[in-house]
Amino acid sequence: GAPDDNYEDPTAVTRHHLREAVGALLAGRRPEITETRPVGCTIKWK
């Protein structure tokens, strides 16, 4: 999923989903947000 809450404008990010999740895991806690909507193009397999 998305690493933060604003993929279009890095200066407008208010939630760093990936950073928060890694911090929670390192502290032995379950991340508050466990899934986010992916953005960008899909990966195509041949």
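No value in this document is a laboratory result; all are computed from the given coordinates. None of these values were measured; they are calculated from a predicted model. Using ideal geometry, Cβ is built from the backbone for each residue, glycine included, and neighbour counts are taken over all protein chains shown.
Couple of notes before you dig in:
- Where only DSSP H runs of four or more residues are counted, the chain gives -6500 deg cm²/dmol as its mean residue ellipticity at 222 nm, each run worth -39500 (n - 2.57).
- Compared with the dominant Cα axis of the chain, that is its longest principal axis, helix 17-26 is turned about 40°.
- Prolate/oblate/rounded label for the chain (Cα gyration tensor, a/c 1.5): oblate
- In the chain, taking the dipole from charged Cβ atoms about the Cα centre, the farthest positive-side position among 31, 45, 6 is held by 45.
- When each of 22, 13 is scored by the number of other beta-carbon atoms lying within 10 Å, the sequence from fewest to most is 22, 13.
- Around the Cα centre of the chain, unit charges on the Cβ atoms of Lys, Arg, Asp and Glu (plus for the first two, minus for the last two) sum to a dipole of about 300 debye.
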